[in-house]
Amino acid sequence: MSPRVMPENRIPDIVRAAIRVFSHKGYRLTQMDEIAEEAEVSKATLYYYFKSKAHLFQYVLETGMPDGGGLLPPPETVASLSEKTLLALLKKRLKANSRLESVQDCLEAQPGRIDVGKELAAIVEELWDITERNRVQIVILEKSLLEFPELGELYDKYARRRVLNQLEEYATLRIKQGAIRPLHSVAATARFMMEALAWFGYKQLMGKRRLFSKSEALPDLVSILVQGLKA
């Protein structure tokens, strides 16, 4: 029997193509044929690496965009992957990664050692880093929410809502301690912080060029928040 001939590693090409198609159409409206065509590979090659659309979607959520070298780990060998399993894996990933360590540190700080300026700087920087690091995943999840409501519920509960709850808890505590001035709406302020960082962290990268770097935008963004919130 002739030895099995391994195809050229096309994983980076497939992942880039999948990101483009998922970002444009969302999960449910995307067809594997479209990804194969976009990647310029045969369906046989696509299914050699990824046994189902859910398998490929889950892999993209785990790895994001290939770096300049194009090196990516091989996908796990699975017979297939159902949407139910995909949602379970996504829930696990979101619960593990959608938590602001900087906020937790602030909540555990002794009252006599509170520095709202430093705290807000740390929180904003972590929010920036999280959204920028996961920008590909966020874009394709956001695009998939309307036609995949089960995914939308998970994303809202274990990602957006979890971060908002942390920000609201932090602001509420510091208001009680007199470190942050009273606010008309803690919830609205938390939403403002998250949405501002979402734009800088990933939404501005959806165009043809990056508009503001972290070093350019972050200092003024922190200054605006500190001046507006500090008691």
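Throughout, read-outs are computed from the coordinates displayed, never taken from laboratory work. For clarity, every value in this text was computed on a predicted model and none was experimentally measured. Cβ sites come from the backbone with ideal geometry, for glycine too, and all protein chains shown count toward neighbours.
Structural remarks
- Available extension along the chain between Arg113 and Lys43 is 19.2 nm, counting 0.36 nm per residue and deducting the alpha carbon span.
- Taking the Cα centre of the chain as reference, the dipole from Cβ charges on Lys and Arg (+1) and Asp and Glu (-1) amounts to some 300 debye.
- The range 129-231: Rg to Rh, with Rh as the Kirkwood radius over Cα pairs: 1.02
- From the largest down, the range 142-188 spans 44, 17, 11 angstrom on the principal axes of its Cα atoms.
- Charge dipole (the range 11-80, unit charges on Cβ, about Cα centre) - positive-most of Leu29, Tyr59, Val15: Leu29
- Taking amide H as placed 1.01 Å from N in the peptide plane, Ser98 has no amide H partner under 5 Å among residues 5 or more places away or on another chain.
- For the range 94-124, applying the loop criterion from DSSP together with a ceiling of 16 other beta carbons within 10 Å to the GluC sites (Glu not before Pro) yields Glu108.
- Compactness relative to 2.2 N^0.38 Å, alpha carbon Rg of the range 51-163: 1.29
- Think of the chain as having a plus end and a minus end, set by charges on the Cβ of Lys, Arg, Asp and Glu; of Leu89, Pro111, Trp128, Pro111 sits farthest toward the positive end of this dipole.
- Taking the alpha carbon gyration tensor of the range 86-136, multiplying each eigenvalue by 5 and rooting it gives semi-axes of 27, 14, 4 Å, largest first.
- Filtered trypsin sites (Lys or Arg not before Pro), the range 128-230: DSSP coil and at most 15 other beta carbons within 10 Å: Lys208, Arg209, Arg210
- Rounded to the nearest 20 debye, the dipole size of the range 11-80 about its Cα centre is 240 debye, using +1 on the Cβ of Lys and Arg and -1 on the Cβ of Asp and Glu.
- Sites matching GluC sites (Glu not before Pro) across the range 131-231 that sit in DSSP coil, with at most 11 neighbouring C-beta atoms within 10 Å: none
- According to the Kirkwood relation over distinct C-alpha pairs, the hydrodynamic radius of the chain is 19.7 Å.
- Förster radius 35 Å - calculated FRET efficiency between Ala187 and His24, Cβ distance, rounded to 0.05: 0.60
- Rh by Kirkwood over Cα pairs, then Stokes-Einstein D for the range 11-80 at 0.890 mPa s and 25 °C, µm²/s: 206 µm²/s
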